[in-house]
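Worksheet: the structure to be examined is printed underneath.
Values in this text are rule-based calculations from the coordinates and carry no lab data. As the structure is a prediction and not an experimental result, all values here were calculated from the model. Counting neighbours? That spans all protein chains shown, and the Cβs are built from the backbone with ideal geometry, glycine included.
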Amino acid sequence: MTRHSEIPPSSVHRRMLCPGSRELESTVIEEFSNYAQEGTLAHTVAASLLEDEILPENATTEMVENAKEYVKIVRENHDEKTCSPIFVENSVSICLRSSVSDSEIVNFGTPDAFYFSGKRNILRVFDYKYGYKTVEAKMNWQMIYYAIGILQSHRAICSQAIELTIVQPRINHVSTWSISREELNSYENLLYISELTSLKENALLKVNHLCFTCKARSICPALRKATLNTLHEAELPIRNDLSSQSLSIEIQLLEHMLDLAKCRLSALEQEALSRLNAGNIVPNYTIEHTASRTMWKYNSDLTELKNYAELFDCQIEKPIEFITPLQAIKKGLPEELVDKYSERKRGEPKLKYIKNTADIFKNTID
């Protein structure tokens, strides 16, 4: 028996933590936020540059510069003589199978870019992230999902090694994780079990740190209950003579409460905006349109503006600046040499949660 999944691999990690999110999200019509639209455009710009195509007219200078960094990383180890062509946003079919069952779960995904290196017998998969939140490639279930689908869709390729890379030029972050074909097969079995669980009727809804990314969080009964429960806890009387252990527990509890409250609040705000846009009334609230920071129009000829600026004795060009130390290391400058001429100043003290209590004394005296 074959099951067809219409939910993208990008939400697989959330389904693993909260199986019920699959069914609940299927009842919600997604409205694309400004951030989502920006991300979609950024990916279009990156794909256009990678395929040497004309850029979208509404591409910003920032998008183009970040996309160039992404393209540079994708092409860095690509040799046309020994590698396959670079597949850009090439849709692949993903069929998850169990090692103990004949059933299958079929899904589809669109990796940002990938290619096969015949010389090193390796599959390289790239994911372009335009947001500001750091994402790591290690144990990234979305990319594991993609790798499985790519190897299934290109059965003639027998790569025994897989290299998964996440590129985030906006925050100057690149993360790479290498795994073997054997390891990938073991992850496929875990994904199958997870997806099968989420396909069950009335699957469990479980609050977790990925609730922020769930489009059904405004109607999620589990999140609402957890948020109201934490607010109730906040109203309970608390002694002033806290022990260090009680202090630690209360800080952790309040941090968790804040996370839940922010998650729930952002969902309700989005729902209110949706109703206001539809012409409905939400008492005490209206829509206010904010503007992004002012930037020069991309592809604009600024020569005339520069001439005008000189009349006002105004220098609008930045002086030549050095690239950052981290960028210098990525370009090949020895790290030891960079360390000699760079520094990282100590910032303001910040409370840090430590899981291993054996490290507490060490962090106290540092």
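Taking R0 as 45 Å, what's the FRET efficiency between Glu30 and Glu182 from their Cβ-Cβ distance, rounded to 0.05?
0.75
Post the alpha-carbon centroid distance, the range 146-182 to the range 121-141, in whole angstrom.
8 Å
At R0 = 25 Å, how high is the FRET efficiency between Lys119 and Trp296 if r is their beta carbon distance? Nearest 0.05 is fine. List each step's numbers first, then the result.
Details: r = 43 Å, r/R0 = 1.71.
After rounding, the FRET efficiency stands at 0.05.
List the aspartates and glutamates whose alpha-carbon lies under 15 Å from that of Lys68, not counting same-chain residues fewer than 8 positions away?
Glu51, Asp52, Glu53, Glu76, Asp112, Asp127
Simple spin-label model, 7 Å along Cα-to-Cβ: Ala272 to Leu199 in nm?
In this crude spin-label approximation the distance works out to 4.1 nm.
Which entries in Lys129/Lys206; Lys138/Lys331; Lys297/Lys350; Lys225/Lys352; Lys138/Lys350 show an alpha-carbon gap greater than 31 Å? Provide the component values of the computation, followed by the final result.
On the way: Lys129/Lys206 26 Å; Lys138/Lys331 23 Å; Lys297/Lys350 39 Å; Lys225/Lys352 28 Å; Lys138/Lys350 27 Å.
Listed pairs above 31 Å: Lys297/Lys350.
Rounded to the nearest 20 Debye, what is the dipole magnitude of the range 217-277 about its Cα centre when Lys and Arg each give +1 and Asp and Glu each give -1 at the C-beta?
For the range 217-277, the charge dipole is close to 320 debye.
Take the alpha-carbon positions of the chain, form their convex hull, and give its projected area averaged over all directions (one quarter of the hull surface) in nm². Can you show the working numbers first?
Details: hull surface 111.9 nm².
That works out to 28.0 nm².
Identify, among Leu41, Leu302, Pro169, the residue whose Cα sits farthest towards the positive end of the charge dipole of the chain, taking +1 on the Cβ of Lys and Arg and -1 on the Cβ of Asp and Glu, with the dipole about the Cα centre.
Checked the options; the winner is Pro169.
Along the charge dipole of the chain, pointing to its positive end and built from +1/-1 on Cβ of Lys, Arg, Asp and Glu, which listed residue (Met16, Ser180, Ile249) has its Cα farthest out?
Toward the positive end, the furthest listed residue is Ile249.
Can you compute 3J(HN,Hα) from phi for each residue in the range 186-192, using the Karplus curve 6.51 cos²θ - 1.76 cosθ + 1.60 with θ = phi - 60°, rounded to whole Hz and x for Gly and Pro?
Once rounded to whole Hz, the list reads 5, 5, 4, 5, 5, 5, 4.
Simple spin-label model, 7 Å along Cα-to-Cβ: Glu53 to Phe108 in nm?
In this crude label model, Glu53 to Phe108 measures out at 1.7 nm.
Could I have the simple spin-label model distance between Leu41 and Leu337, label points 7 Å from Cα toward Cβ, reported in nm to one decimal?
4.0 nm
How long is the gain from His232 to Gln152 if the chain were fully straight, where each residue apart is worth 0.36 nm and the alpha carbon distance is subtracted? Walk me through the intermediate numbers first.
Numbers: separation 80, 0.36 × 80 = 28.80 nm, distance 5.05 nm.
Additional length available on full extension: 23.8 nm.
Collect residues whose amide H, placed 1.01 Å from N in the peptide plane, falls under 5 Å from the amide H of Cys83; neighbours closer than 5 in sequence don't count.
The list, which skips near neighbours in sequence, is Gly118.
Classify the range 2-198 from the C-alpha gyration tensor, please: rounded if a/c falls under 1.5, else prolate or oblate depending on whether a/b exceeds b/c. Working shown, then result.
Values: a/c = 1.95, a/b = 1.19, b/c = 1.64.
Oblate, since a/c reaches 1.5 and b/c is not below a/b.
Let me have the 222 nm mean residue ellipticity of the chain computed from DSSP H runs of 4+ only, each contributing -39500 (n - 2.57), with the sum over all residues rounded to the nearest 500.
Numbers: 12 runs with 150 residues, N = 366.
One gets -13000 deg cm²/dmol as the mean residue ellipticity at 222 nm.
Could you derive backbone 3J(HN,Hα) for the range 121-130 from the dihedral phi with the Karplus parameters 6.51, -1.76 and 1.60 (θ = phi - 60°), listing whole Hz in sequence and x where the residue is Gly or Pro?
6, 9, 9, 10, 10, 10, 10, 9, 10, 9
For the chain, what's the relative contact order in percent, using C-alpha pairs closer than 8 Å and at least 6 residues apart?
17 percent
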